[in-house]
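The values are calculated or read from the model by the stated rules, or taken from the named source; none is laboratory data. Please read these numbers as outputs of a predicted model, since none were measured by experiment. Cβ placement follows ideal geometry from the backbone for every residue including glycine, while neighbour counts extend to all protein chains displayed.
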Amino acid sequence: MFDRLREDVRCVFDRDPAARTTFEVLTTYPGLHAVLVHRLSHGLWNSGLKWLARFLSMLMRWLTGIEIHPGARIGRRLFIDHGMGVVIGETAEVGSNVTLYHGVTLGGTSLSKGKRHPTVEDRVTIGAGAKVLGNINIGSDSRIGANAVVVKSVPENSVVIGVPGQIVKRTQPHLATDAPDLNHTLMPDIIGITLKDLLQRVEELEGRVDGHPAGTPYVYQPSGDAWEEIEYAI
């Protein structure tokens, strides 16, 4: 138990430059409090004490602004920064070394009693206000941009931005040994870039029709559905 607590405190120092002392982390970080109490409520839930587990969950929601259903499965070293408005549903599964910012929802989209919430694999960062909805999978080492709405599964080592979430390929993959990828505000304007390329293409075609030399070669070459996977790399 104390080893897990030390891990939880250390992950705060690793991912929040504002953390100063262990005492401060233990007493003033609501994300840490929510995770610690969730472990207790999850144990009660699995032992059949459903009401008591839900009561503890509701109590922590009132105290921290973070709602984690006691049925959710949470891995090691989960860091919830600020935390206000975070919701993690009953059948959600969260891997190890995951980072969630305030306003994140891991929500369900079905009335089914079965798996209806997301599975978030290891070392994923989900930015402020992002919504990940339904029984989908977020691959390891991925990053979900702030305020993105993700409704489809995401392969590992992806970056997702926008509404609905679009995949933007990385120029460099994120490795398990790398520092946490916390750049959840790095969001290129996909629509603006696409319109710019379309205008460039129109200009080139107009030049050909008018008999003028073509301008800059057209370079937008998406593979598959352009609105499913945007090939611009960041």
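For this structure, a couple of remarks:
- Hits in region 99-113 - residues which are out of contact with any Phe, Trp or Tyr (no Cβ under 7 Å at 6 or more places or on another chain) and surrounded by 12 or more Cβ atoms within 10 Å (Cβ to Cβ): Leu100, Tyr101, His102, Gly103, Val104, Thr105, Leu106, Gly107, Gly108, Thr109, Ser110
- For Tyr220, the conditions (1) touching a helix residue (DSSP H, G or I) at 6+ places or on another chain (Cβ under 8 Å); (2) modelled with pLDDT of 75 or more; (3) more than 30 Å from Thr119 (Cα to Cα) are fulfilled apart from (2).
- Top-ranked residue in region 105-126 [being not β-branched (Val, Ile, Thr) and not in a loop (DSSP other than H, G, I, E, B); ranked as nearest to Arg170 (Cα to Cα)]: Leu106
- Here Arg143, Arg116 are screened, and the one residue that is modelled with pLDDT under 95 and surrounded by 20 or more Cβ atoms within 10 Å (Cβ to Cβ) is Arg143.
- Restricting region 95-104 to residues that are of a type in the set (Ser, Thr, Tyr) and not in a strand (DSSP E or B), the residue that is nearest to Gly75 (Cα to Cα): Ser96
- The residue pairs whose first member lies in region 40-69 and is at positive phi and modelled with pLDDT under 95, whose second member is small (Gly, Ala, Ser) and not in a helix (DSSP H, G or I), and whose beta carbons are closer than 9 Å, counting only pairs six or more residues apart or on different chains, are Gly65/Gly83; Gly65/Gly85.
- Within region 105-125, the set of residues being in contact with a Gly (Cβ under 9 Å, 6 or more places away or on another chain) and among the β-branched types (Val, Ile, Thr) comprises Thr105, Thr109, Thr119, Val120, Val124.
- Scanning region 148-164 for residues that are in a loop (DSSP other than H, G, I, E, B), over 16 Å from Val98 (Cβ atoms) and of a type outside the set (Lys, Arg) turns up Val151, Ser153, Pro155, Gly162, Val163, Pro164.
- When Arg15 is tested against (1) basic (Lys, Arg); (2) free of Cβ contacts under 8 Å to residues at least 12 places away in the same chain; (3) surrounded by 13 or more Cβ atoms within 10 Å (Cβ to Cβ), exactly one condition is not met: (2).
- Candidate set: region 68-94, residues that are of a type outside the set (Val, Ile, Thr), touching a Leu at 6+ places or on another chain (Cβ under 9 Å) and assigned to a loop (DSSP other than H, G, I, E, B); chosen: the one nearest to Glu7 (Cα to Cα): Leu78
- For region 18-67, a tally of residues being over 18 Å from Leu106 (Cβ atoms) and outside any helix (DSSP H, G or I) returns 8.
- When Gly129 is tested against (1) in a strand (DSSP E or B); (2) modelled with pLDDT of 90 or more, only condition (1) is not met.
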